[in-house]
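Structure record follows, encoded as structure tokens.
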Amino acid sequence: MNPAPQLAVVVPVCNEEDNVATLVGEILSALRGRIAFEIIYVDDASRDATLSRLQALQTTTPELRVIRHLVNAGQSTAVRNGVKAARAPWIATLDGDGQNDPADIPKLLEQRASAATEVKLFAGWRTQRKDSGSKRWASKFANGIRASLLRDATPDTGCGIKLFEREAFLDLPYFDHMHRYLPALMQRAGWRTVSVPVNHRHRTAGVSKYNNLGRAIVGVRDLIGVRWLIARNRRTAVEDVQP
């Protein structure tokens, strides 16, 4: 009987048929023999062969589970549904395009092993980004605005590789694009977060699902909403009262 998973690797994908096999293989190489784990791919209503290739991989990969959106719902919803389906108490996330390196997951686990119990999120920090110049500039600009408004002390909130506690994540307020604001939301809930330098790679197959203008338009609205959530937050300790 296989041991209960202690880690779930959640990977949201949409039209990534040429990336799934390589990334699954890299996850297996990084984690087998280190920790009991499961891999949960969330197919966000792909229109290519992503789902069929994942189904083929399931026949040879007992750790792999696949869930599918019947309609396209976006990355945040895919991450949340993957986390809800997970059986493990801790979650690692990866972007499905292969730019995150699964070999960094053990590094995040090592950080967790030496961290205080109130640290519930270990966020990847792409110190050497492999994106285009315009994308790097747009990201740097957006991170600067976000940091000045939210003050979450996170240099790279958009990095797809993260490690967090499942229970703490599911207690956060849910909204579309929330995956870009996890450090601020975790801190709002009273937890600490840590940024960890990680590897970043060129995309070798498929195309990006985002553009700079689209991110900017939704980013302004999201920032206003997250800042409002932080300003309206109230926390207090509670205790059981006995007769």
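Computed quantities for the displayed model
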read-out: Odd one out for A30, checked against (1) farther than 24 Å from K120 by Cα; (2) part of a helix (DSSP H, G or I); value: (1)
read-out: Region 214-242 residues that are within 15 Å of L185 (Cβ to Cβ), paired with ones that are assigned to a loop (DSSP other than H, G, I, E, B) and modelled with pLDDT of 90 or more (beta carbon under 7 Å, 6 or more apart); value: D222/H177; G225/F175; L229/P173; R235/G190
read-out: Residue count for region 32-64, restricted to those that are among the aliphatic types (A, V, I, L, M) and surrounded by fewer than 22 Cβ atoms within 10 Å (Cβ to Cβ); value: 8
read-out: Pick from region 84-94, criterion surrounded by fewer than 21 Cβ atoms within 10 Å (Cβ to Cβ) and of a type outside the set (G, A, S), ranking: farthest from C14 (Cα to Cα); value: P89
read-out: Count of residues meeting criterion [basic (K, R) and in contact with a helix residue (DSSP H, G or I) (Cβ under 9 Å, 6 or more places away or on another chain)] in region 6-64; value: 2
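The values are calculated or read from the model by the stated rules, or taken from the named source; none is laboratory data. Here the structure is a predicted model, which is why all the values come from computation and not from measurement. Please note: Cβ atoms are built from the backbone with ideal geometry, for glycine as well, and neighbour counts cover all protein chains shown.
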